[in-house]
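The values are calculated or read from the model by the stated rules, or taken from the named source; none is laboratory data. Owing to the predicted nature of the structure, the values given are computational and were not obtained by experimental measurement. Using ideal geometry, Cβ is built from the backbone for each residue, glycine included, and neighbour counts are taken over all protein chains shown.
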Amino acid sequence: MEWFLVFVSVGVIWLASLCKILHVSFYPYGRTSFLSNDAAGSSQKRNVLLVIAHPDDESMFFSPTINQLTLAGHNVHILCMSTGNADGVGDVRKQELYRASAILKVPLQKVTVVDHPDFQDGFGKIWNSSTLSKIVEKKILDHAIEIIITFDDYGVSGHCNHRDVHRGVRKFMLDTSLQEVEAWELVSTNIIRKYSGPVDIWLSFLGAQNSHYEPIHCLLNVNPLRSYAAMSEHLSQWVWFRKLFVSFSSYTYVNTLRKIMV
């Protein structure tokens, strides 16, 4: 009987969380104020660069952000720092990224995949922060980028490539003279929150509201099914445990972005 009550309680919380996401999807004024210029939520269209480590990072971790920004009409660019060639299928994974990005409403011409000998997918491979910073800088200058979004120092899963991307972006922010460029990082959560699915939206909102010392924004995924469809385009990676991850990961339903202060 006790287990039954637990399952019912969890089910009710999941349902309430999904209803919250649907509410945000149908009512524009409930959406994030991220990149909004006034209290009414209107915003100037901005050029945004998402910097990731591997093809599929955009769908597994950043889809709530991408969906919110494309819905608001911002120009989203994706810079992927490797082809994900750890298993020798880098060319395949690059094409998968293009198809997934199209589902996420990011056009092919705004997706760049780097194939550099110093940025190869895999554990134990340290990516040079200075070289990565220069690649980011070129992309910013070429496309008049105003906002950078990337991993935080833990990189969601602790993957060394994710963390190196953060350090490269941070180095760019430390060295650049471009005062108009801002950088934001995806906040990593503990393992319980990470696999709590849509339930984590409540903790994310609470954390954002109680943050008095640093700029934080909570972005709900206005179209979780689109995120699932995008990840399914990464067929070389679409194994059973990633299907479970996309279904139960909080990163499918909500992203918390924190401004990188330098």
By residue number, the members of the stretch 158-187 that are closer than 25 Å to Phe248 by Cβ and either among the aliphatic types (A, V, I, L, M) or surrounded by fewer than 19 Cβ atoms within 10 Å (Cβ to Cβ) (or both) are Gly158, His159, Cys160, Val165, Leu186, Val187
Those residues of the stretch 136-157 which are in contact (Cβ under 8 Å) with a residue 40 or more places away in the chain, surrounded by 16 or more Cβ atoms within 10 Å (Cβ to Cβ) and outside any helix (DSSP H, G or I) amount to Ile145, Glu146, Ile147, Ile148, Ile149, Thr150, Phe151, Asp152
Expected single match for in contact with a strand residue (DSSP E or B) (Cβ under 7 Å, 6 or more places away or on another chain) and assigned to a helix (DSSP H, G or I) among Thr83, Thr70 is Thr70
Exercise for review: Can you confirm whether the stretch 182-189 contains a residue that is closer than 20 Å to Glu58 by Cβ, within 13 Å of the chain's Cα centre (by Cα) and of a type in the set (Asp, Glu)?
Suggested key: yes
Of Phe245, Phe241, the only residue that is part of a helix (DSSP H, G or I), over 20 Å from Glu185 (Cα atoms) and in contact with a helix residue (DSSP H, G or I) (Cβ under 9 Å, 6 or more places away or on another chain) is Phe245
Only one of Gly88, Gly84, Gly122, Gly73 is farther than 24 Å from Tyr253 by Cα and in contact with a Lys or Arg (Cβ under 6 Å, 6 or more places away or on another chain), namely Gly84
Here the residues within the stretch 188-214 that are surrounded by 11 or more Cβ atoms within 10 Å (Cβ to Cβ), modelled with pLDDT of 85 or more and in a loop (DSSP other than H, G, I, E, B) are Ser188, Thr189, Tyr195, Ser196
Q: Within the stretch 116-127, identify whether any single residue is part of a helix (DSSP H, G or I) and either modelled with pLDDT of 95 or more or farther than 14 Å from Asn85 by Cβ (or both), and answer yes or no.
A: no
